[in-house]
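Below is one structure; the comments refer to it alone.
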Amino acid sequence: MASGGLEPEVARSGKPAGLPGRVVRRISNVYWVAADAGPEFACQLRARLRKEQVEVRIGDRVGLAEVDAINATAAIAEVLPRTRTLARPPIANVDQILVVFAAAQPDFSPPLLDRFLVLAGCSDIPAAIVINKADLVPAATLAAIVEPYRAIGYQVAATSARNGDVAELAALLPGKVSVFAGPSGVGKSSLLNRFDPALALKAADVSAKLGRGRHTTTSASLYPVGGGFVADTPGYSHLAFPALDPEGLAWLYPELAPHASDCRLSDCLHDSEPDCAVKARAAVNPERYQSYLKFLHELVEQRRTSRARSQKVEAAVKTTGGPGGGKRLVRIDAEQRVDSRRTVKQRLAELATQRAEGTLDEERLAGFED
Ligand code: GDP
Ligand code: ZN
């Protein structure tokens, strides 16, 4: 194709002007950039980028200028196009989500793991699995946890942070930006600690200091770990599905997706429809299919309630519109209502993102009432 849209972009994303690096941390207006060559620099944004209101995220690839090697300072002169931005926490260029679970303590829960995998799938970022605390269960139990997920194509690393047995995790890290997700208590910090004992301390130190300063803002950080970077925050603070169509769920199950287009009905939900190619395969891994059905019903219910809610708004508007008041007017009114609801929602979403990014101006927020 003659379209030149892709080429320059690829060229740009490969090589910034100036010293190449990655934004790993931010405190107020200072960005810490890990240069590809090694050292970290404390950086300001170039005035031009500030004027253009260029947004810089943790994980961004940048080009540095005005490099002062003695004081370890520089200026961010260019921000490269980003890929795969994770919304929560906001981190750019994430290569993989590592879903960490424990083999025991807490009990291994397949449906909960599947929920994290589906959530990771929604973000369009590849997921791999880490089963930690391998030391707490017999080898056969560990295999019974790990093998079904390997069989459907996931990479699974079995680890024991306690025994220092982290080789399978180490193999997943080089050259990648990873985000740890998973329930608390499974050993995420212990694993990081195994790679670099200084990390856990640093993370605790930074958050303790920043927690106090009202005017200091912070965000997620990336730590250099095992030849790549790992984010220190769990990927998900709550486990509700985003607005995902029930029809899309099967595509997030790698073992079901290849069969989803073979069903008789084109809008098959693979529940109790006739001639369902997906259900025909359900016996291969009944637990996975059970979690599929559970989430499916959740999503169907979610869609039902959100439709009912918007119908209610419309009905209320219609009755207050009065009889013979002109359908046209009523319709406009209904649309405006929906619009203003949407605006408030957007505003709240914006605030939530800013808060997560640490760019939220708390003082302005105090004046925001709705
Ligand atoms: P996080 O909440 O996921 O960061 O979990 P932590 O790293 O705080 O670990 C929770 C608890 O599990 C701590 O008491 C750890 O000592 C313990 N733990 C972590 N990894 C292992 C492991 O591999 N084996 C065992 N037996 N315990 C572990
Ligand atoms: Zn089907």
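Remarks
- Taking all protein chains as shown and a probe of 1.4 angstrom, Ser189 keeps an accessible surface of around 80 Å².
- Fully extended contour minus Cα-Cα distance, from Val54 to Ala104, at 0.36 nm per residue: 13.5 nm
- Sequence-distant residues sharing a close amide H with Asp165 (under 5 Å, placed H): Ser160
- Under the simplified labelling scheme, the Asn29-Phe241 pair shows an inter-label distance of 4.5 nm, with each label point 7 Å from Cα along Cα→Cβ.
- Checking the Cα-Cα distances for Lys15/Lys188; Lys133/Lys176; Lys188/Lys279; Lys176/Lys279 against a 29 Å cut-off, the pairs over it are Lys15/Lys188; Lys188/Lys279; Lys176/Lys279.
- When you count the other C-beta atoms within 10 angstrom of each residue and take the mean per peptide, 26-32, 50-56, 241-247 line up highest first as 26-32, 241-247, 50-56.
- Amide hydrogen neighbours beyond the local backbone of Val177, cut-off 5 Å, H modeled: Asp95, Gln96, Phe229
- A simple charge model with +1 on the Cβ of Lys and Arg, -1 on the Cβ of Asp and Glu and nothing else charged puts the dipole of segment 97-182 at about 100 debye relative to its Cα centre.
- Projected label distance in nm at Asp165 and Ser184, using a 7 Å step from Cα toward the beta-carbon: 2.8 nm
- Segment Ala198..Gln311, full-extension length gain: 35.2 nm, with 0.36 nm per residue of separation and the alpha-carbon distance subtracted.
- The residue among Cys276, Tyr253, Val313 whose Cα reaches farthest toward the positive pole of the charge dipole of segment 246-313, with charges on the beta-carbon of Lys, Arg, Asp and Glu, is Val313.
- Potential lengthening between Ala277 and Ala72 on full extension [0.36 nm per residue; Cα-Cα distance subtracted]: 67.8 nm
- Highest-first packing order for the peptide set 33-40, 293-300, 261-268 is 293-300, 33-40, 261-268, based on the mean count of other beta carbon atoms within 10 Å.
- Surface composition of segment 66-112: carbon plus sulfur atoms contribute 53% of the solvent-accessible area (1.4 Å probe, protein chains only, all chains present).
- Taking Cα centre as origin and charging only the Cβ of basic (Lys, Arg, +1) and acidic (Asp, Glu, -1) residues, the dipole magnitude of segment 69-117 rounds to 140 debye.
- Mean accessible surface per residue for segment 246-313, computed with a 1.4 Å probe while every protein chain stays in place, in Å²: 59 Å²
The values are calculated or read from the model by the stated rules, or taken from the named source; none is laboratory data. These numbers come from a predicted model, not from an experiment. Here the Cβ is made from the backbone with ideal geometry for all residues, glycine too, and neighbour counts use every protein chain on show. These accessible areas exclude ligands, DNA and RNA; they are computed on the full protein's heavy atoms, side chains included. Shrake-Rupley method; radii C 1.70, N 1.55, O 1.52, S 1.80 Å.
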